[in-house]
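The values are calculated or read from the model by the stated rules, or taken from the named source; none is laboratory data. Small disclaimer: the values here were computed from a predicted structure and weren't measured. Backbone-built Cβ (ideal geometry, glycine too); neighbour counts: all protein chains shown. Ligands, DNA and RNA are stripped out before the accessible areas are found, and what is left, the full protein with its side chains, is counted by its heavy atoms. Shrake-Rupley method; radii C 1.70, N 1.55, O 1.52, S 1.80 Å.
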Amino acid sequence: MRRANGLDEFHSRMLAGDGVEYFEDSRGMPTIDYPHVHVVHHGSGQVDVVASRSSYDHAWRTSLRNPSGNEVQDAVRTARGYL
């Protein structure tokens, strides 16, 4: 886990089971602030990418099934366009 403040905020973390999630700003840098792109890699091979403007405003989202790295990066670039 990459903690932002050493306590309860994080840039990325391992999920229970087999997965990882992380937040990136519009430039692809780790962040805890909004807006951000939230990327969740599930152990099942599913990857969720969400453009979040705030905790209640999710401007764009997609779920990819067993994507390549290039497909994930394309989705992240698309999501950044909604921030």
Q: Just name the residue that is farthest from GLU9 (Cα to Cα) out of those in region 20-75 that are outside any strand (DSSP E or B) and of a type in the set (Ser, Thr, Tyr).
A: SER68
Q) What pairs can you find where one residue is in region 38-67 and farther than 13 Å from ARG80 by Cβ and open to solvent by 60 Å² or more (accessible area, probe 1.4 Å), the other is at pLDDT below 95 and part of a strand (DSSP E or B), and their Cβ atoms are less than 7 Å apart, with a gap of 6+ or different chains? A) HIS42/GLY19
